[in-house]
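Data block below; observations after.
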Amino acid sequence: MKKNIMFLMFLIVFGVSLVNAVPFGTLGNINVPDGYVLPEGKIVVNFASYLRDGAVDFNDPNAEYEYNYVFNAKIGLFDKSELGLVYTGDEIFYANFKYKLVEESIEYPGVSFGVDNLFSKVGKDATDQEDEDYEDWEDVQDAHTYEKNSFYVTASKSFAFKGVPIFDELQAYITVGLGLNRFVGQRDLAQDFNGLFGTVELKPTEFFSMFAEQDGHAINVGAKYSWSNFDFQYSLLEIEEFAKENQENLKMALNIQYSITRWAKEKSSKSNRLSSRKDKVRKETQSFDQGGGGSSILDQIRALRSEEREKQSELNDLINELDELEE
């Protein structure tokens, strides 16, 4: 456990020293919680549908498959926390809560503490074959994701890489964290991580991003396209199954997410403050271009430049007078 904590801190410190920060947070990952919280009053509704078991083994015409879904709604509270409610096709209901400890800055990552699967009826060791509740959940393939009271701490940092070929700027987001219960896998490789999880997301354009994550149990990859208030995400979960002859645990998922910003406070987060500032500059610039009255930012800039020219002229006059006195 101590080694995992030291490794987590190393990733954060090392990452911070590499490049400049992107001034806004990512929208989230697949199974990994990030270090950001929703702005106060913002509501996000997400519906995910996916195929599991043998459904993705398209080379086997007799492969069985099972359809499942997850419905999730969450809201930002007081610009410091967020609360989410989840219902799944396995008839399991639970709540998630996350609290922001440190807001992201240029120097430091955003850090949050949270708990997943509150009120879940799946025990914290339900996927352990030695646990007394194992028989109740052995037929539910995703039982490990429902393990109750899964506490965690997570940190996220955004970066901007300049001069990348093809792209003017490549944005990247790194998340690392440490958690209990659902974040601790039972397989040999997952047990070595001992609750350590992480994500790397690359965003080459404003509308498109790609990401890969290790959620404590398995490796997942995905891509996301954003349009207006919608996000469309396609994911492959447990991709290490590709290396196996029997790929029964490999899953394909499609997420559709909608953000409701009607009640969100304008200055409840860093990203909103920057957006508000940009809107103000844009409006005042339009006002100036259209001949509107009042003081605009452009008016102030021109006044400062005029004052600077006057002072420079006075300085030149003084220099000339000194030159004449020396002669």
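Screening the candidates 238, 310, 245, 314 for the property of being in contact with a strand residue (DSSP E or B) (Cβ under 8 Å, 6 or more places away or on another chain) and either at pLDDT 70 or above or more than 30 Å from residue 43 (Cα to Cα) (or both) yields one hit, 238.
Looking only at residues in segment 252-284 that are modelled with pLDDT of 80 or more, surrounded by 19 or more Cβ atoms within 10 Å (Cβ to Cβ) and not small (Gly, Ala, Ser), the one that is nearest to residue 31 (Cα to Cα) is 255. Only strands (runs of 3 or more DSSP E) whose full extent lies in segment 186-230 are considered here, and none of them has at least 2 residues that are buried (at least 17 other Cβ atoms within 10 Å of the Cβ) and modelled with pLDDT under 90.
The values are calculated or read from the model by the stated rules, or taken from the named source; none is laboratory data. Since the model is a prediction, treat every value here as computed from it, not as a measurement. All Cβ positions, glycine included, derive from the backbone under ideal geometry; neighbour counts span all protein chains shown.
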